[in-house]
1. Rounded if a/c is under 1.5, else prolate if a/b beats b/c, else oblate: with a ≥ b ≥ c from the C-alpha gyration tensor eigenvalues square-rooted, which is the chain?
2. 5 Å is the cut-off here: which amide hydrogens, built 1.01 Å from N in the peptide plane, fall below it relative to Tyr47, excluding neighbours closer than 5 in sequence?
3. Between segment 222-260 and segment 155-214, how many Å separate their Cα centres?
4. Around Ala29, which amide H atoms from residues at least 5 apart in sequence, or from another chain, sit under 5 Å from its own amide H, with H modelled in the peptide plane?
5. Quantify, in whole percent, the carbon and sulfur part of the accessible surface of segment 102-222 (1.4 Å probe; protein heavy atoms only).
6. Considering only protein heavy atoms and a 1.4 Å probe, what is the carbon-and-sulfur percentage of the accessible area of segment 1-98?
7. Which percent of the accessible heavy-atom area of segment 321-462 goes to carbon and sulfur, probe 1.4 angstrom?
8. I want the antiparallel fraction of DSSP beta bridges within the chain, as a percent rounded to 5.
Amino acid sequence: MVVGAGPNGLTAAARLAQEGWRVTVFEAADTIGGGSRTKPLADGAVYDVCSAVHPFGASSPAFEALDLGAHGLRWAHPPIPLAHPFDDGTAALFHRDIDATIAALGVDGARWRSTVGSLAADWTNVRHLAFGPVLRGAVEHPFAMAQFGLRAALPAVLLVRRFATREAKALLIGFAAHSGAPLSSPTTAGVGLALAAAAHDAGMPVAVGGSQAIVDALATVVLQAGGELVCDHGVNSLSELPEADAVLLDLTPRQYAQLADRPLPRWKYGVAATKLDLLLSGPMPWTASAIRSAGTVHLGGPAEEIALSEKATATGSVPDHPFVIVAQPVVADPSRAPKGHHVIWAYRHVPNGCDDEAAPNGIEIQFDRFAPGWRDLVVHRRITTAADYGAYNANYIGGDIAGGAMTPWQTIARPRLAFDQYRTRRPKVWLCSQSTPPGPGVHGMCGWHAAASVLRHAARAQ
Ligand SMILES: Cc1cc2nc3c(=O)[nH]c(=O)nc-3n(C[C@H](O)[C@H](O)[C@H](O)COP(=O)(O)OP(=O)(O)OC[C@H]3O[C@@H](n4cnc5c(N)ncnc54)[C@H](O)[C@@H]3O)c2cc1C
């Protein structure tokens with residue numbers, strides 16, 4: 001039995017169904033998908049409600065093992081994976097090809113190779129560490145741990161001091177800022193390094209047709225293996241569920257406590273998101289023209305400015321010049337919008353529970369700064385506030401899109417310190433959401449490891 005049809009719940013269901021288990025997935029919303037849904041925007045264009053860009057999905061061992069490509073998932077790669085513009089009209093460019101990135105970074109090229117390239121070159125081994133529980137990874141992959149873990153434990157602001165150029169610093173801090181944690185916090189370097197290494201290895205693709213295609217492929221695996229998906233079925237108590245050998249919850253720790261009628265855990269929820277989706281009548285008029293071919297764009301200026309704005313957000317402010325993550329899916333996948341039109345997907349972090357109506361303005365201020373004239377192209381705009389996200393998905397408590405703050409403790413002890421972090425203290429109940437290792441992202445690895453724990457447990461019980 002699985003509660004929640006997000007990428008992790010569906011991955012757990014797919015693995016168990018393929019192992020011959022009879023699996024039913026209950027989903028509160030009227031469609032499957034959680035943070036991987038695609039919906040109509042306007043005039044035939046579609047937009048990704050939550051996740052859009054998938055370096056982790058494209059390098060996920062779980063998606064590889066489930067062979068999602070054979071179940072309808074296709075990745076589309078933009079010519080340039082990532083761009084990061086500056087006020088002088090230039091931009092740092094991240095290429096999938098490590099040598100092209102190094103060549104563009106000038107005096108920092110060699111340093112980029114030793115810091116990021118070495119991880120990317122050994123990603124097949126390093127990913128087992130990056131995509132799993134830290135403690136078990138340290139025991140099972142000590143060499144990868146020595147290579148990755150020591151650097152990953154650093155605050156991102158400290159790691160970027162290795163570099164001399166604003167370009168290298170900005171690229172790395174931008175990746176690290178996906179964590180939503182203050183960049184002076186230990187382990188934020190790990191998020192940046194893992195994303196950058198995965199992006200060199202697998203690129204930063206979008207899913208053809210939208211991120212919905214990822215969960216649709218997972219659902220196909222579940223159904224083909226005899227599983228069942230039940231939407232419009234929110235679960236409010238574990239006692240509502242039919243008797244089962246295992247219950248896997250694609251939920252956060254607070255929801256588990258509520259369903260199991262247990263005391264609320266000491267679990268800290270993190271920053272929320274506010275998002276702006278646009279349909280444009282043409283390409284975004286970026287001042288740095290190379291950005292027009294980039295799938296992802298990080299806005300916020302130099303690394304120091306991004307570190308300050310993320311710190312302000314973490315301490316409860318809504319800065320006017322936030323770090324903004326932008327995706328331009330049409331650059332890779334023209335099927336998303338009518339011919340000649342572009343879809344812009346952009347979000348910023350805001351404090352948990354933020355009800356500041358001005359929050360989307362910060363995104364627009366950054367657009368004015370790096371792509372003046374964009375307002376003339378707007379055909380349709382859609383805002384999603386932190387409160388909207390809370391209403392959209394019960395997992396987004398206070399609008400937290402990560403299932404819990406990425407503090408150093410909650411990165412390692414996610415959701416608690418144990419050799420098996422997926423099993424709860426209640427018999428036959430497992431957590432399989434992004435509140436377990438390795439944490440946020442559409443990679444399915446939380447569900448994959450939770451299903452493995454169920455299978456190990458069942459084998460021992462026989
Ligand atoms: C704005 C935004 C941008 C993002 N961008 C990216 C990106 O570009 N790339 C990337 O890899 N990741 C991105 N993410 C993160 C990614 O979406 C999540 O990490 C991922 O979806 C987590 O998957 P999950 O299965 O753990 O949980 P979820 O996706 O949250 O799925 C949980 C499911 O459980 C259901 N549910 C909740 N409570 C109940 C209940 N009581 N009964 C039944 N069902 C219930 C929910 O409706 C939901 O469908 C983004 C997220 C957001 C919000």
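1. prolate
2. Here Lys39, Leu41 satisfy the definition.
3. 33 Å
4. Asp232, His233
5. Result for segment 102-222: 61 percent of the exposed heavy-atom area is carbon or sulfur.
6. 48 percent
7. 56 percent
8. Of those bridges, close to 75 percent are antiparallel.
The values are calculated or read from the model by the stated rules, or taken from the named source; none is laboratory data. All values derive from a computational prediction rather than experimental measurement. As a convention, Cβ positions derive from the backbone with ideal geometry for all residues, glycine included, and neighbour counts pool all protein chains shown. Just the protein is used for accessible areas: all its heavy atoms, side chains included, with ligands, DNA and RNA removed. Shrake-Rupley method; radii C 1.70, N 1.55, O 1.52, S 1.80 Å.
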